[in-house]
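**Student:** Below: one structure in structure tokens.
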């Protein structure tokens, strides 16, 4: 298994073979991110699980620690089989908290995308998205917004079921002015982050934020590129705050119109222009599936996107003016493709990092 941060890898690998609280033996490192490492583990009873362990340096931060431990309550509150269950939590001998989770068998969508070496089949993307939206609907009905949907956090089990992983930065929606988030910094993964989240406007983040992220995931899997790309994370944040996403039809003219409408609406710059909720988008996915089945176009690879740098002028404010109906912004063009896909391991997903 390959990881990108050598220092982090060495630290995480050094724990393999150790036993937490005299009960959980860490067998192998299967996931790694900036916040936590994930291990395949065995309980002294023989039960196989996944252990998500907060990095020691993060464990000393009260905010990171509280957010990490809150994942158990939020994930389990969804009450849907499409969410990976958190079975227990405890604290390791060095003071680092850890979560005991289901050990999943299968692969995440990023692994599936990398293995495909090109765009995923349209029917597969639509079928998976239909299931994801069912899970999101259950979460949103409980007031839970995930805030970090991306291919690495969407897991396909061996029996073709879907699991949404990593509710580490999810939040419960609260009345305006009563947000529990400390600070104004953006959190999430820039490649799949909508404008309001890039602006750290937590008062505007809602179910439509997750809908945008799923739209960005669908766009990436179908077009074999990110919705936007830039040399640095700061430049990507600037693009996201100011530039609407190009239509899927501009990237792949062969895409069925029903699919273009589905993805384009999910990626609308203004929240009011997106699908209003997961159920309505799910219905649109089913309609697109039916339309794609009737059309049955031959599979084609997406043409290479233009190489010029993105230009964006007079970007609209993501909030419609009071008393005026929201207008759909013009689409940006000329966005360059990602240089490479991030390397992430199998099983439980890790916390976000820049593409």
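**Student:** Regarding residue 168, is this residue more than 20 Å from residue 277 (Cβ to Cβ), at pLDDT below 95 and surrounded by 24 or more Cβ atoms within 10 Å (Cβ to Cβ)? Full working, then the answer.
**Tutor:** Values: more than 20 Å from residue 277 (Cβ to Cβ): yes; at pLDDT below 95: yes; surrounded by 24 or more Cβ atoms within 10 Å (Cβ to Cβ): yes.
Taking the combined requirement at face value, the residue satisfies it.
**Student:** Moving on. State all residues of segment 216-235 that are farther than 15 Å from residue 120 by Cβ, part of a loop (DSSP other than H, G, I, E, B) and in contact with a helix residue (DSSP H, G or I) (Cβ under 9 Å, 6 or more places away or on another chain); if no residue qualifies, say none.
**Tutor:** If we filter segment 216-235 for residues that are farther than 15 Å from residue 120 by Cβ, which is where we start, we get 227-235.
Keeping just the survivors that are part of a loop (DSSP other than H, G, I, E, B) gives 227-232.
Scanning segment 216-235 gives 227, 228, 229, 230.
**Student:** Which of the residues belonging to segment 32-78 are assigned to a loop (DSSP other than H, G, I, E, B) and free of Cβ contacts under 8 Å to residues at least 60 places away in the same chain?
**Tutor:** Let us first name the residues in segment 32-78 that are assigned to a loop (DSSP other than H, G, I, E, B), namely 33-35, 44-47, 55, 60-61.
Those that are assigned to a loop (DSSP other than H, G, I, E, B) and free of Cβ contacts under 8 Å to residues at least 60 places away in the same chain: 44, 45, 46, 47, 55, 60, 61.
**Student:** Moving to a separate point now. Within segment 83-99, count every residue that is more than 13 Å from residue 36 (Cβ to Cβ) and either out of contact with any helix residue (DSSP H, G or I) (no Cβ under 9 Å at 6 or more places or on another chain) or buried (at least 20 other Cβ atoms within 10 Å of the Cβ) (or both). Steps first, answer last, please.
**Tutor:** Pass one, segment 83-99, residues more than 13 Å from residue 36 (Cβ to Cβ): 83-85, 87-88, 90-91, 93-95.
Then keep just the ones that are either out of contact with any helix residue (DSSP H, G or I) (no Cβ under 9 Å at 6 or more places or on another chain) or buried (at least 20 other Cβ atoms within 10 Å of the Cβ) (or both); that gives 83-84, 90, 93.
Looking only at that region, the number is 4.
**Student:** Now for a different question. Which members of segment 13-28 meet the condition of being in contact (Cβ under 8 Å) with a residue 40 or more places away in the chain and either surrounded by fewer than 20 Cβ atoms within 10 Å (Cβ to Cβ) or not assigned by TED's automatic domain parsing to the domain that holds residue 97 (or both)?
**Tutor:** Taking segment 13-28 as the starting set, the residues that turn out to be in contact (Cβ under 8 Å) with a residue 40 or more places away in the chain are 20-21, 24.
21, the sole residue that qualifies.
**Student:** Does residue 213 count as more than 30 Å from residue 100 (Cα to Cα) and either in a loop (DSSP other than H, G, I, E, B) or at pLDDT 95 or above (or both)?
**Tutor:** Details: more than 30 Å from residue 100 (Cα to Cα): no; either in a loop (DSSP other than H, G, I, E, B) or at pLDDT 95 or above (or both): yes.
Criteria not met by residue 213.
**Student:** In segment 100-126, what residues are surrounded by fewer than 17 Cβ atoms within 10 Å (Cβ to Cβ), part of a helix (DSSP H, G or I) and in contact (Cβ under 8 Å) with a residue 12 or more places away in the chain?
**Tutor:** 114, 123
The values are calculated or read from the model by the stated rules, or taken from the named source; none is laboratory data. Just so it is clear, the structure is predicted and the values come from calculations on it, not from any experiment. Reconstructed Cβ throughout: ideal geometry from the backbone, glycine too, with neighbour counts over all protein chains shown.
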